[in-house]
Structure formats: C-alpha cells, structure tokens
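Quick one: this structure, given as structure tokens, is what I'll be asking you about.
The values are calculated or read from the model by the stated rules, or taken from the named source; none is laboratory data. Keep in mind that this is a model prediction, so the values were computed, not measured. Methodologically, a virtual Cβ is constructed for each residue, glycine included, from the backbone with ideal geometry; neighbour enumeration extends over all protein chains shown.
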Amino acid sequence: MISLNNISIKGLINIKWLFVFSGILLLLTLVQDYLGTVFQGGAYYPAESVLFSSFWILFIPLLVLQLQVLVGLKRNNLLKILLGVTGPVFLHLILFSVLIWMVSGLFYEHQFEIRQTLWFTITEYLYVLLAVYSIPVIWSRRRKPMVDFKEAPKTMLSSAQISHLLLTDGARKIPVPVQEILYMEASSPYIQIYLDQKKYLHKGTLKSIEEQLDPAQFIRVHKSFIVNLKAIRFYTSRQNGDYDLTLMNTAVVRLSRNYVTAFRKAYGTGTQDSLISTQDT
C-alpha cells in the first residue's frame, strides 16, 4: 500500500513526515557543525558538513524498506526481530560510508576512506541507528493487523450477513430463511417482508436490513424496495426511465431510474439459472 504522494506502509509510517523530520535533523546537524567550529575556533567547511549530513537522508528509503519487510513477516520471532533491527543498521552504515567515499572522490579535494567513515559513524551515531530502527519493529509488534477491505476475501466481508430473519406472526416469533424472501417494502416504522404465500411485518428500516443481506442476491431497486434477484422473472420498461420487475409470484415491483445502473450490473452477473429474457420495449 504505497502511494508516491502520501506513502503509507500499512498505516505505520507517512513518508511526508519522514522527509520533514529528516530535513529538520539535517539542518540541525549543519547548525551544530557551524556552532562547534565557532566555539572551538576552527574552520567551518560547509561542503563537508552537507556531505556528512546525508546520514539523515538515508533514513527515508531504509525505513520504508524496513517497514515493507516487517509487514511481510508472518511471524515475529526473536530472530526476525533482531534481523529487523540489525539489518537496516548494518545497511545504513555501509551505504553511508560508500556514499561519502564516492562523493568525496568525485567532487572534493580529499577523499574519505570507507573504513574511516565507518568507524566515525559507529562511534558517533550507532546508538541513533539502533534507536531509530528499533521503533518500527516495536510498533509493528504492538499494532493489531490492519485489514485492507478492498482486498479482503469475500468470506471475511460477509461475516455480518444473516441467513435468517426473526419475524413476528401473531404471538409467535418465526425464523425465516432470507433465501425465501422475494422482496421487502418500507412501511414506516416497519418493513413488509414478502414471501411466496405470506407477508410479515418487521420493525426496522430498509437501510439497516440491507447492510445485513448478501449484496450478490438482494439489491435496492427503489427507496422503498429491496428485491431478491433470484425471484425476478423479467423486467419491462415504463418508457420514462423506470421499470417494472415481475417476480416469481407475479407481484410487480417498481425499479427506479436512480437504481437502474446498479440493478443491470447485478442482474446481468447474478447466479440465476432460470431467468426469462428481459424486455425493454
């Protein structure tokens, strides 16, 4: 889950803030170098100060890489946790030393040796590296896994779907399989539930019950109607943008023009095996 405009690795890091903090630390390092030479009476070399301040910039790609690896870990055992910290620390040390060696060799009068820079970084910044690269490891262990609902399996998304509705029939409460429902009609403060040979009243709203139904089978066709796609025999045009849906029990339900696009998509890709051809005449 990476976006160039606003990179977010599973909710663990925002690269905009990473750039901001790295930039602040880089500026503070430059100021610190300058003030150090002022108080010590030495010479200040801006080019070298900028070069060594690149230490902070390397955190940006390496933290992103570290978090991608951590997100991919299925188990957080001790070995993987240790590698999750020591790996980026070692990589940072090597890359920084090689970067200083290459850039100083190309653009500076004096080329810094890799061994020299490596020893300097270990003695001056090792504790910083260990602290910074430990934070994502600790955070990833403490955070609960985040679910990307756009990519979640259908079985996970349908966990809240109901298979029965508890309906009132006089003094009795009857569990009715939703598969037997042909359609539902809003009749505030109730919903009228229509079966083949029976009608029930159910207290609630169409919106609340729609959220509990399988969207592959039940679809909103009007502000006042939800229809079972498997119960539709055919539909006919009213010549004004609306349609009439004829159901298996010969009941006719109005399909509003506002729901036609969604209905056509669902009706055309439904699981019905015995649909009579539609009519748009």
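Taking the stretch 239-257 only, how many residues are surrounded by 14 or more Cβ atoms within 10 Å (Cβ to Cβ) and not in a strand (DSSP E or B)?
3
Then there is this: Could you list all residues from the stretch 49-62 that are aliphatic (A, V, I, L, M), assigned to a helix (DSSP H, G or I) and closer than 15 Å to I94 by Cα?
I57, L62
Residue by residue through the stretch 165-196, note down the ones that are exposed (fewer than 11 other Cβ atoms within 10 Å of the Cβ) and not in a strand (DSSP E or B).
Passing the criteria: G170, A171, S188, P189.
Scanning for something surrounded by 14 or more Cβ atoms within 10 Å (Cβ to Cβ) and at pLDDT 90 or above, does the stretch 9-17 turn up at least one residue?
no
Which members of the stretch 196-223 meet the condition of being more than 32 Å from the chain's Cα centre (by Cα) and over 21 Å from I162 (Cβ atoms)?
Once the filter is applied, which keeps residues that are more than 32 Å from the chain's Cα centre (by Cα) and over 21 Å from I162 (Cβ atoms), the stretch 196-223 yields only Q197.
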